[in-house]
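Structure, as structure tokens:
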Amino acid sequence: MMGFVARVKGCGGPNVYTEEPDGGWGWVVAVAFFFVEVFTYGIIKSFGIFFEDLMTQLNESNSRVSWTLSICVFVMTFTAPLSTILSNRFGHRPVVMLGGVLISLGTILSAFANSIVQMYLTLGIISGLGYCLSFLPTVTILSQYFKKRRSLVTAVASTGECFSVFAFAPASTALKNQVGWRHTMVVIGVLQFTITVCGALLQPIVIEAEKKPHRSEKKLKKTEQAETRYILENEQTRTSIDSVDSGVQSLSTSQTNISETCKNSEQEVAKEEEAGILPPVSLNTETSNTLFRNKLLDFSLLKDCSFICYTLFGLFATMGFFAPQLFVIPLSISLGIEKEQAAYMLSAMAVAEIFGRITVGWVLNKEPIPKILIELICVSLLCIVLIVFPFATDFWGLMTCCVLYGFFLGTVAATHIPMLAEDDVVGIQRMPSAVGVYVFIQSFAGLAGPPLGGFLVDVTKSYGSAFYSCAAGMGLGALFLALVRPAKTGLCKRKRRKPKTEKDLKCKKPQKISEETKAEEESEEFLEVDLIKEEISSKNEHQNDIV
């Protein structure tokens, strides 16, 4: 019985690697992330199918119904630091399972809502918190399992939300027409409970760096090399001078040289230790790793200029992530397109987004140019598509815009969070804290985006204004994204050179003098050795004459 319990604990324990495995249990985590995407972002993007029903049943305006999605996205992103802290404290697995329970509970309770305020509470706050606790830990642990294939695996696994929109939009519409929107919400809530199973599959991973040689080992190795070298020199001296005295003399000289070499080796090790090449004697590597792991949230990221620029990119670009899915169906209906055909707009957008995610993953894996520049190109093209959207006047024109928007949205959505793990932004070691802070700052745009679009639609009586607001936000995001790489390399900073003072010039002269004195001392030592050899040879000749 005890063996079985130990075996179960071993299966639930962390996987320990010296570097990212690029596979192994990571493939199971990738599948779990796929289904988490299906029941989180996929459901959020499909919310547009309930838009008209909520306006009719609850007798509310565009902007007030839009606040349901806005509050959900805001809570999901605003509580990102909480998700990071809980994951670092308790692990990714229990946090994701708790998130799955909250998502399912919030969606089921929304089916019994009789006012828009109750929808704000159920779908907005309860489900929004669950979305945060489910999505962020899953994408973080998936990035830790992969390194070379990280971009491709993350992009392919993130297509779950696209398949969800492609499958759930028509299926939920058909089910809603048969049983009503309330029973449809109950069915979706029950399916979202699958996230708890996905959370149970998230086995922790620990990356431990290989241990560097200790200071004592390094010093011992250098001492042994010095002894071997001088023993060989001593043997050569004995061979060249056939005298017992000469052998003793060379042995004492070699012992002196050995002690001097040991001192020099100690000095070299100390220099390497100060430079950071070797770890100090009192430093425990495991202790330092534990301290780093126990740091729940690293706010020092806010001092990193490249991270600040990337966060501002996410802040403004988020305005273009959710609003188009919310307004594309009402825009289609306003152009005279039937509701059944309008539902296929989201499906076409989802299919195109799948190809966009896979394509950008493949391109990033090849890395023809820096990854962040590839993302910048995709964001710029997405901004152009948002500007063109309102110019569509018929079904095929709007369908073309949806396909282009879905493709480029897939390229941006698949890269903007995993890009934090790249060295151009913060790197994999600081990614857990970076994700929390980054998504937290995104929350303000997620809160303002849909209501701003709904307000503009109510004022201008045109759905095109909502797309223009999204394009403006995406354009500002592209501007800050272009500054990330220069900020990382230091091109945005002015380096001030300190003028050389007289003290600096005076400090250099003693160094030159000391080098000259060292050279003179070495030459004097060589002269002394030669004189000793001459004295020994003269003594030997004198003894031979006496004999």
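Key figures
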{"quantity": "Heavy-atom surface of the range 14-146, accessible at 1.4 Å and reported per residue (Å²)", "calculated": "34 Å²"}
{"quantity": "Tensor-based shape of the range 303-366 (alpha-carbon gyration tensor, a/c under 1.5 rounded, otherwise prolate or oblate)", "calculated": "oblate"}
{"quantity": "Carbon/sulfur fraction of accessible area - the range 73-149, other protein chains in place, 1.4 Å, %", "calculated": "73 percent"}
{"quantity": "Heavy-atom accessible surface of the range 420-460: percent carbon and sulfur, 1.4 Å", "calculated": "66 percent"}
{"quantity": "Heavy atoms of ILE49: accessible area, 1.4 Å probe, square angstrom to 10", "calculated": "10 Å²"}
{"quantity": "Spin-label pair PHE90/SER462, simplified geometry with 7 Å Cα→Cβ offset, distance in nm", "calculated": "5.0 nm"}
{"quantity": "Centre separation in Å (Cα based) which lies between the range 457-482 and the range 118-161", "calculated": "25 Å"}
{"quantity": "Two-site FRET efficiency, VAL206 against LYS366, from Cβ-Cβ distance with R₀ of 25 Å, rounded to 0.05", "calculated": "0.25"}
{"quantity": "Full-stretch length increase - GLN429, ALA174 - with 0.36 nm per residue and alpha-carbon distance subtracted", "calculated": "87.2 nm"}
{"quantity": "Rounded accessible area of ARG64 (nearest 10 Å², 1.4 Å probe)", "calculated": "100 Å²"}
{"quantity": "Within the range 68-211: Cβ-based charge dipole about Cα centre, in debye rounded to nearest 20 (Lys, Arg +1; Asp, Glu -1)", "calculated": "220 debye"}
{"quantity": "Per residue, in Å², the accessible surface of the range 340-477 once ligands and nucleic acids are set aside, probe 1.4 Å", "calculated": "37 Å²"}
{"quantity": "Additional length obtainable on full extension of the chain from SER115 to THR359, 0.36 nm per residue less Cα span", "calculated": "83.6 nm"}
{"quantity": "Charge dipole magnitude, Cβ of K and R +1, D and E -1 - the range 326-413, Cα centre, debye nearest 20", "calculated": "220 debye"}
{"quantity": "When each of LYS147/LYS488; LYS45/LYS176; LYS45/LYS488; LYS366/LYS488; LYS148/LYS488; LYS45/LYS461 is checked by Cα-Cα distance, pairs over 26 Å", "calculated": "LYS45/LYS488"}
{"quantity": "Local electrostatic count at ILE44 - Lys and Arg +1, Asp and Glu -1, tallied over other residues with Cβ under 12 Å", "calculated": "-1"}
{"quantity": "Å² of accessible area per residue within the range 148-205, as computed with a 1.4 Å probe and no ligands counted", "calculated": "41 Å²"}
{"quantity": "Area accessible to solvent at ASP22, 1.4 Å probe radius, in Å²", "calculated": "30 Å²"}
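The values are calculated or read from the model by the stated rules, or taken from the named source; none is laboratory data. What you see is a predicted model, and the numbers here were worked out from it, not measured in a lab. Because the Cβ atoms are built from the backbone with ideal geometry, glycine has one as well, and the counts that use them run over all protein chains shown. Heads up: the accessible areas ignore ligands, DNA and RNA and are worked out on the full protein's heavy atoms, side chains in. Shrake-Rupley method; radii C 1.70, N 1.55, O 1.52, S 1.80 Å.
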